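Heads up, the thing below is written out as structure tokens.
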Amino acid sequence: MLEALKEKVYRANLDLVRHGLVIFTWGNVSAIDRESSLVVIKPSGVSYEAMRPEDMVVVDLDGNVVEGELRPSSDTPTHLVLYKAFPQIGAVVHTHSTYATAWAQAGLDIPNIGTTHADYFHDAVPCTGAMTEAQVWGEYEKETGNVIVERFEGMNPVHTPAVLVRNHGPFCWGKDAAEAVHNAVVLEQVAKMAQLAYSINPSLTMNPLLVEKHFSRKHGPNAYYGQKKK
């Protein structure tokens, strides 16, 4: 079942290691088949070195295991909330990458202060609010998804495909697993550059015209970055 998607999710999970975004088992990738409304996700706590494509777990949008011998990632409920709330996305990535997680632990948005940021994220990468006691001790992973969705009220999740969960870490998404991982890599680099920039000049500012220019040249209706698709 969904063998091609399992292979893509498997390789995307390995890419987290290849790009230095995770150590041990500190991350996961999932992708959804919108036609069947089934999600393929990394199994919980399985090392990347030991993992195989057939170990990927298939679940429905209610979290029921449809196929797989292993338990799905403990973050599965978070992924499912995002798929339900953001129908435009096809994959979700969660990591504990160092710089993005540092911003999350600080409880701060990553401001859009450079053209690299603007190329990928139109707005500041938002950080969620603190979770309540009921959220933490209730359906924690599901509530993590809910605070993300709440934070994106009034925002376009396609234009800013990343979030920081306060005191926790980043989640990113994209049209497929490869793009979601790509966004996670960029997020970590943007977080690092922002930290360094503020250490050099704490009162720095960003020209809003450059934000619009760099975002629109890649994502706007008249985008011209890259090559035309045949």
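The values are calculated or read from the model by the stated rules, or taken from the named source; none is laboratory data. The shown structure was predicted, so the numbers you read here are calculated from the model rather than taken from an experiment. Because the Cβ atoms are built from the backbone with ideal geometry, glycine has one as well, and the counts that use them run over all protein chains shown. Accessible surface areas use protein heavy atoms only, side chains included; no ligands, DNA or RNA. Shrake-Rupley method; radii C 1.70, N 1.55, O 1.52, S 1.80 Å.
Overview of results
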| quantity | calculated |
| --- | --- |
| Rounded percent of accessible protein surface that carbon and sulfur make up, segment 21-142, 1.4 Å probe | 51 percent |
| Accessible area (Å², 1.4 Å probe, nearest 10) - Leu196 | 80 Å² |
| Packing-based order for 153-166, 114-127, using average beta carbon neighbours within 10 Å, highest first | 114-127, 153-166 |
| Solvent exposure of segment 67-144 as accessible area per residue, Å², 1.4 Å probe | 45 Å² |
| Linear extension gain, Gln88 paired with Ala197, 0.36 nm per residue minus alpha-carbon span | 36.0 nm |
| By accessible area with a 1.4 Å probe, ligands and nucleic acids excluded, highest first: order of Trp137, Trp103, Trp26 | Trp137, Trp26, Trp103 |
| Reciprocal mean inverse distance between Cα atoms of the chain - Kirkwood radius, Å | 18.0 Å |
| The chain, dipole about Cα centre (Lys/Arg Cβ +1, Asp/Glu Cβ -1), debye to the nearest 20 | 960 debye |
| Solvent-accessible area per residue for segment 161-230 (1.4 angstrom probe, square angstrom) | 62 Å² |
| Cut-off 17 Å (backbone N to label point 7 Å along Cα→Cβ of Glu3), residues of segment 54-82 | 54-58, 67-69 |
| With all protein chains modelled, accessible area of Met206 [1.4 Å, Å²] | 50 Å² |
| Segment 107-158: radius of gyration and largest Cα-Cα distance (Dmax), Å | 13.3, 40 |
| Stokes-Einstein diffusion coefficient of segment 161-230, Kirkwood radius over Cα pairs, 25 °C, 0.890 mPa s, in µm²/s | 170 µm²/s |
| Under the Debye formula (equal points on every Cα, no solvent term), log10 I(q)/I(0) of segment 59-129 at q = 0.13, 0.16, 0.24 Å⁻¹ | -0.54, -0.76, -1.19 |
| Full-stretch length increase - Gln227, Val66 - with 0.36 nm per residue and alpha-carbon distance subtracted | 54.0 nm |
| Helix-only [θ]222 nm of the chain, DSSP H runs n ≥ 4, -39500 (n - 2.57) each, per residue, nearest 500 | -12500 deg cm²/dmol |
| Sulfur and carbon atoms: percent of accessible area, segment 175-230 [1.4 Å] | 57 percent |
| Rg and Dmax of segment 27-104, Cα atoms only, in Å | 12.7, 37 |
| Accessible surface of Thr205 - all protein chains present, 1.4 Å probe, nearest 10 Å² | 120 Å² |
